[in-house]
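See structure below.
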Amino acid sequence: MPRITVRPDRVFEVSQEEAGLLINQVPFVWDLLATGPRTFHILYQNRSYHAEVVNADHESKVFTFRINHRSYQVQVQDQFDLLLERMGFNQANAIRVGLVKAPMPGLILDIRVMPGDEVRKGDPIVILEAMKMENIIKSPGNGQVKVVKVQKGDNVEKNQVLLEF
């Protein structure tokens, strides 16, 4: 039974029964029509809604929808996510970051973190200039910076360790 979280106070348990879709054990009756590759028309309780999938991150199971010009970010947890959560594991702890390496040779223009800093997945950590272009190196996961192995102005080689978590 998947769980859908829209906000901390808006959590829905979803199940499929012979009678149809149930949300929080209540039948959910709606009409859904795809109007494009990422757009839908929805009829629910005699009201019409225009829905659009703005962003779909299947890896983290986070989706952003725009419904009648209002945006909603939705986290989906399947049965395995819920089992891991009950066992004391969660997705935030699932991705363990150890090392961040230079993806290409270049010059370190800026370092955005210091040892001890907490970073989230996608946070900018280093700016690397390569082939006259600035490349923002982002954190591949959540963690705490342990050691920064480079300094501003350093030339680095491909796969050189930039920092450790």
Exercise. Distance in nm between label sites at N24 and R112, each 7 Å beyond Cα in the beta-carbon direction?
Worked result: 3.8
Seminar exercise, completed: 1/(1 + (r/R0)^6) with r = Cβ-Cβ of I4 and I136, R0 = 35 Å, i.e. FRET efficiency to nearest 0.05, evaluates to 0.65
Exercise. Taking the mean number of other Cβ atoms within 10 Å as a proxy for protection, how do you rank 154-163, 114-123 from highest to lowest?
Worked result: 154-163, 114-123
For this session: For H41 and K152, calculate 0.36 nm times their separation in residues minus their Cα-Cα distance, and state this gained length in nm to one decimal.
Result: 34.8 nm
Exercise. If one computes the Cα centroid of region 11-29 and of region 34-58, what distance in Å separates the two points?
Worked result: 19
Exercise. If you project the alpha carbons of region 99-164 onto their three principal axes, what span does each projection cover, largest first, in Å?
Worked result: 30, 19, 18
For this session: Under 26 Å Cα to Cα from K152, which lysines show up? Leave out anything in the same chain fewer than 8 places away.
Result: K101, K121, K132, K138
Problem set entry | P(r) histogram, all alpha-carbon pairs of region 2-153 included - 10 Å bins from 0, percent | 9, 26, 26, 20, 13, 5, 0
For this session: Estimate the FRET efficiency between Q160 and M87 by the formula 1/(1 + (r/R0)^6), using the beta-carbon distance for r and 35 Å for R0, to the nearest 0.05.
Result: 0.40
For this session: Taking the Cβ of each residue in F12, F80, F63 as the centre, tally the other Cβ atoms inside 10 Å and list the residues starting with the fewest.
Result: F80, F12, F63
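None of the figures in this text is laboratory data; all of them are computed from the coordinates on show. In this text the structure is predicted, and so the values were computed from the model without any measurement. A quick note on method: Cβ atoms are made from the backbone with ideal geometry, for glycine too, and the neighbour counts reach across all protein chains shown.
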